[in-house]
Structures are given as C-alpha cells and as structure tokens.
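Engineer: There's a structure below that I have some questions on.
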C-alpha cells in the first residue's frame, strides 16, 4: 500500500514539474509588451488561476495519499509534513515505530517468532508448517500433554507451554522439554498468558495457531491433515470436532458429524435452520478471545467479527480430524476431600467469576457499540440463547 501511495506522489511531482516547465517556456516566448494588450492580460490572469488551481489540486489529492502513511503527533505537523513530502522532503517525515526515530529505517524488524536460536552458529531450519501450538498446562495432566506436544513437534509445529501451577522442572523427563518455550505464572488462565506472551508482532509469523486446553485426546487427530483441510475449505477460524461418544460436549455445534469433513452450522427445530446467520447456529466455535477478563466466557460468540468476509463460511468445525474433550477441571479443582462447613469451594468461585466476567463483557460490548459513532454493526441481529 505504501508503494502505491509513493507512486501516486511521484506522479503528482512529475506533473507539477512538467506544468511548470511548459508554463515558463510559454512565458519566455512571449514579448513582455503583450501585457499592455487587454486580451493578453486576460490570458495571463487565466494562466495564474490555472497555476493556483493545479497547486491546490495537487495538495488536496496528495494529502489524501500521504497523511495515512506519514502520521505525526499533532494536526499542525500533519499538515506541514504532507507539504514537506510534496516538495521533496519526505525523509524527515517517514512513519516510524515510536522510540525508533533516531535509528535508520529498516534496522528494526517488524515482527519476530518463538523459534529458539543457538548461542553460536546458524539457527536450525525453520519449521516447515509455520504453525504454533500454545497451551496452559499443569503437572497433573502429563499424559495428555505429552501426547499432544509429541504429535505437534513431530509434525514440525512449534510449541509454547504456559505453566499455571508453577511446575516447570518436572517436565524435564520428556524428550521434547528443551524444544518448547516455557512460561510460568501461578493460577493464571490461558487467556491471561496469551494476552501477555503472544503479542501480534510475534505470532504474526505463524500461519496457524492452535490455542488449546490441556485435557484433549489426540489419538485420531493429525495436525497437518487438519491444516490441509482448513486451507481447502477457506476457514479462517476453526476447531476440530469433538467425539460425542467420549467427550464432554458443551455446545451442539462442536459435536462431530459423520456426513461431511467440515460443518459450519447446526439445525434445531424452531431455532436453527438454513436462514440462521449467527451464533449459536453458525459463525462461531467454542474458543474465546483474550482480554483482561481471564475466563473469557462469551467472547467466542463474537469471533465472527474477527473473520474476514462472511462468518457463516469462514468459521467452521472440522469433522474429519476430531479430538476427545475429557472436561477435566484445572484452576480451582477440588482436592478430593469433603469440604467442611463454611469452607470456600474454589471451583464454585471460579465458575461464579466466569459468569460475572461474561456479564461484564456484554456490558462493555454494548457500551462500546453505542459510543462508536463511526462503527456499523455487520451483524445487527441479537444473539440467541446458547444451545447445549
């Protein structure tokens, strides 16, 4: 986009130079005495008006293409900056990341990745799949986590583990321990980790990101086949289907179907049909987006706003590659002992906090939508009750 704007800018510069040369040539060819002639004087006035009109036109059109690229802090400097670029002083007004103004353009990389590098020598060849698996894990789920990490790493997919229980050293017994990135913080959810350690400038290097829970069985799942199906189907946001016979299924849309390799909607008498255009019938999956509401209930219903194009086509569930959801509690899980009277039930408190955050999010969304005068809701239909 920046190259196209610069091309337009150069076009205006060349046009201005050619006009100025032609104008000066014509004026030089005329005798100065013609100014005494009334008709010629009128022609001279018209020429001046033409020059002024061209300058104004170049400035207005040039500003449209220049200002979005070369932004400054104040309206005054925006105006001055656009004129400087128009007159050939663009080097002083290049858009740069804040804090890097004193550095030469191009020395600061726009993004990074989570690939580890050796202390000496060249780094190993980058994973061919260019995908990432990120999970919040606890030491009690070593068997399931080991199966998932081993399968993804064996298929060339990078792995990042978030340790919510603080146990990091206990994973050293596994062959893959030194090949994954470890981040530890006590009693934090995967969305707390994701928001802080999966910055867009880092994860932008990956084509697909799997942000999973630790309680999934992957015996029937192949990551590369899954990615291949997602590409062929044009899915931007997706999830593997859940084996309904072995899984804890919370939402009907996540259950595996056996007729097709992908499904994008569900059907239920009186609630979901071919005319349904949004959740819980179509346009969503059971995955949530991070913010400071760490449990993130309800955010998955808004994922359609993040997909490009029609959410009923770009969001779906892959039936051909499915997993088992064991539904194991993690944060606030009970100790197995019978609670005494007046003892705090941590699991109940976690669920209460999750529900409270869901209500907070709904209020935030309503307030943001009402206050943004420039925003038009592409999905104005109200959400229906969640089907379970």
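Engineer: Of the conditions (1) free of Cβ contacts under 8 Å to residues at least 40 places away in the same chain; (2) over 25 Å from the mean Cα position of the chain (by Cα), residue 271 fails just one. Which one is it?
Structural biologist: Evaluating residue 271 over (1) free of Cβ contacts under 8 Å to residues at least 40 places away in the same chain; (2) over 25 Å from the mean Cα position of the chain (by Cα) leaves (1) as the failure.
Engineer: Additional query: Can you find even one residue in region 74-97 that is at pLDDT 80 or above, farther than 20 Å from residue 202 by Cα and in contact with a helix residue (DSSP H, G or I) (Cβ under 7 Å, 6 or more places away or on another chain)?
Structural biologist: Looking only at region 74-97, we keep the residues that are at pLDDT 80 or above, and these are none.
No: zero hits.
Engineer: From the list 145, 159, pick out the single residue that is within 22 Å of residue 226 (Cα to Cα) and either more than 20 Å from the chain's Cα centre (by Cα) or modelled with pLDDT under 95 (or both).
Structural biologist: On the way: 159 fails: either more than 20 Å from the chain's Cα centre (by Cα) or modelled with pLDDT under 95 (or both).
Result of the check over 145, 159: 145.
Engineer: In region 308-325, is there at least one residue being loosely packed, with under 14 Cβ neighbours inside 10 Å, more than 25 Å from residue 138 (Cα to Cα) and modelled with pLDDT under 85?
Structural biologist: Taking every residue of region 308-325 in turn, at least one turns out to be loosely packed, with under 14 Cβ neighbours inside 10 Å, more than 25 Å from residue 138 (Cα to Cα) and modelled with pLDDT under 85.
Engineer: Scan (1) touching a strand residue (DSSP E or B) at 6+ places or on another chain (Cβ under 9 Å); (2) in the same structural domain as residue 321 (by TED's automatic domain parsing) for the single condition residue 228 breaks and write down its number.
Structural biologist: Unmet condition: (1).
Engineer: Now a separate question. Is it the case, given these coordinates, that residue 257 is assigned to a loop (DSSP other than H, G, I, E, B) and modelled with pLDDT of 90 or more? Give the steps one after another, and end with the answer.
Structural biologist: Working: assigned to a loop (DSSP other than H, G, I, E, B): yes; modelled with pLDDT of 90 or more: yes.
So residue 257 passes the test.
Engineer: Still on this structure: Just to verify a result, which residue in region 232-258, among those that are touching a residue at least 24 places away in the same chain (Cβ under 8 Å) and farther than 30 Å from residue 198 by Cα, is nearest to the chain's Cα centre (by Cα)?
Structural biologist: Here is the first cut: in region 232-258, the residues touching a residue at least 24 places away in the same chain (Cβ under 8 Å) are 233-243, 246-254, 256-258.
Next, from what is left, pick out any that are farther than 30 Å from residue 198 by Cα: 246, 257-258.
Numbers: 246: 33, 257: 29, 258: 31 Å.
Applying the filter and picking the extreme gives 257.
Conditions tested, residue by residue: (1) in contact with a helix residue (DSSP H, G or I) (Cβ under 6 Å, 6 or more places away or on another chain); (2) farther than 23 Å from residue 279 by Cα.
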position	(1), (2)
193	no, yes
196	no, yes
203	no, yes
206	no, yes
214	yes, yes
220	no, yes
230	no, no
234	no, no
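Engineer: Could I ask something else about it? For the list (1) crowded, with 16+ Cβ neighbours inside 10 Å; (2) not assigned by TED's automatic domain parsing to the domain that holds residue 353, I need the number of the one condition that residue 256 fails.
Structural biologist: Here residue 256 clears every test but (2).
Engineer: Regarding residue 130, is this residue farther than 30 Å from residue 353 by Cβ and either in contact (Cβ under 8 Å) with a residue 60 or more places away in the chain or in contact with a strand residue (DSSP E or B) (Cβ under 6 Å, 6 or more places away or on another chain) (or both)? Walk me through how you get there before you give the answer.
Structural biologist: Working: farther than 30 Å from residue 353 by Cβ: yes; either in contact (Cβ under 8 Å) with a residue 60 or more places away in the chain or in contact with a strand residue (DSSP E or B) (Cβ under 6 Å, 6 or more places away or on another chain) (or both): yes.
Here the answer is yes, as residue 130 does meet what is asked.
Engineer: When you look at residue 284, is it at pLDDT below 70, in a loop (DSSP other than H, G, I, E, B) and surrounded by 15 or more Cβ atoms within 10 Å (Cβ to Cβ), yes or no?
Structural biologist: no
The values are calculated or read from the model by the stated rules, or taken from the named source; none is laboratory data. Note that the structure is a prediction, hence the values are computed from the model and not measured. All Cβ positions, even for glycine, are placed from backbone atoms using ideal geometry, and neighbour counts span all protein chains on display.
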